[in-house]
Amino acid sequence: MRALHLLPAILACCLSASSLAAQGTKVWTLEELFRRNVGTREQQDTQFPPHKIIGNLYYVGTESLASFLIATPDGLILINSDYERTVPIIRSSVEKLGFRWSDVKILLGSHAHADHMQGDAMVKELTGARVMAMEQDVPALHAMTPGNKPHPIDRILHDGDPVTLGGTILVAHLTPGHTRGCTTWTLKVQDGGKSYDVVIIGSVGVNPGFKLVNNPEIPQIADEYLRSFKILRALPCDVPLGSHPAMYNLAEKYPRLGKGSNPFIDPAGYQAELDIQETAFHAILDQQKQGN
Ligand SMILES: [Zn+2]
C-alpha cells in the first residue's frame, strides 16, 4: 500500500524530469517562440499577480507582457509601460504592492515596439515620470503616437549609460537586432546580505517576417543580432528576466516563490534561454541564406 501511495509522486517526478530533458533539446521555430513570448490577447491583458522578485525589484506586468518596478528611497523606476490598454493593469499592480503610482519618477523600456512602450505618453501624463530611451530607438518611438499623442522622450540614452535613482544604478546595454535600439537592462540588487546581478533581456527574438538577409532598409540586421548574442553571453547574470515573462519561465517559477530558495536566481536558465534564442536565430538565418 505504501509503495502504491508513492507511485503518483514517482510518476510525476519522472514526467517532470523527462519534460525538462525534452525542453533542453527542443529546437523552437520562430513562430513557436514568437507565440510563446507574446501570448494570446487575453494573456496580454490579464494581470499576473504582482510580486517581489528579489531585493527592491518587483513584477507588475501581465501574463505575457513583462513590466518591472524598482523601489528606491527617492521614488520608483518603471520598466515597460506596455500597451496603453495595459497601463491601468500596471498601475493596479503597483498599488497592490503598496506603492504609490505618483511615485513613478523614471520610465524606461525594453524596445520600441507597441507591446512594451506604447503606453509611455499615458504613464508620463499620469505620473510626470521622466521617459528615457536608447538613441537608436528614437525614430521608431517618434512614430509611436497612440491617440495622436507624441511619444515623450526626456533623456536620450547611449550604450552603457547609467540611470540612477535613490542609490540604484541601472545600466542600458544596446542589444540591437530585434529593434535598432533594443535595450537590455542590468542592475545589482541586495537580498539577504548578498548581491545579485540581474539581466532584463530586451529581446533577441526574430519576429515572423523579419528579413535577416538582403534587407535593404537594415542591411546590418544579422550582424546586430550576432553582436547582441555576444554581449548577452558576456553579462554576469544571477537573475535572468526579459521583456516577456516566458523568456524566464515566470509561470513555472512563480508557484515556487517563498518555498525554499528564490526560484528567480537561475544563472543556468539564462544560458538556456540564450541557447534557445541563438539556435532559432541561426536556423532562420541559414534558411534565409538558402533562399527558402
Ligand atoms: Zn518586440
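What follows is calculated from the coordinates using simple rules that are stated; it is not laboratory data. None of these values were measured; they are calculated from a predicted model. Here the Cβ is made from the backbone with ideal geometry for all residues, glycine too, and neighbour counts use every protein chain on show.
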Those residues of segment 152-180 that are within 16 Å of the ligand (Cβ to nearest atom) and over 18 Å from the mean Cα position of the chain (by Cα) come to a total of 0
Restricting attention to segment 96-120, the residues that are under 20 Å from PRO162 (Cα atoms) and near the ligand (Cβ under 9 Å from one of its atoms) number exactly 3
Exactly one of ILE200, ILE169 is loosely packed, with under 13 Cβ neighbours inside 10 Å and closer than 17 Å to SER110 by Cα, and that residue is ILE169
If you go through THR179, THR164, THR127, the only one that is within 28 Å of GLN271 (Cα to Cα) and buried (at least 21 other Cβ atoms within 10 Å of the Cβ) is THR179
Taking segment 266-292 and the residues there that are free of Cβ contacts under 8 Å to residues at least 60 places away in the same chain and within 18 Å of the chain's Cα centre (by Cα), the one that is surrounded by the fewest Cβ atoms within 10 Å (Cβ to Cβ) would be ALA268
Scanning segment 233-253 for residues that are part of a loop (DSSP other than H, G, I, E, B) and within 16 Å of the ligand (Cβ to nearest atom), the one nearest to the chain's Cα centre (by Cα) turns out to be SER243
Scanning segment 157-200 residue by residue, the ones that are touching a Pro at 6+ places or on another chain (Cβ under 7 Å), within 18 Å of ARG227 (Cβ to Cβ) and among the β-branched types (Val, Ile, Thr) total 2
Scanning segment 150-187 residue by residue, those among the polar types (S, T, N, Q) and closer than 14 Å to VAL199 by Cβ turn out to be THR175, THR183, THR184, THR186
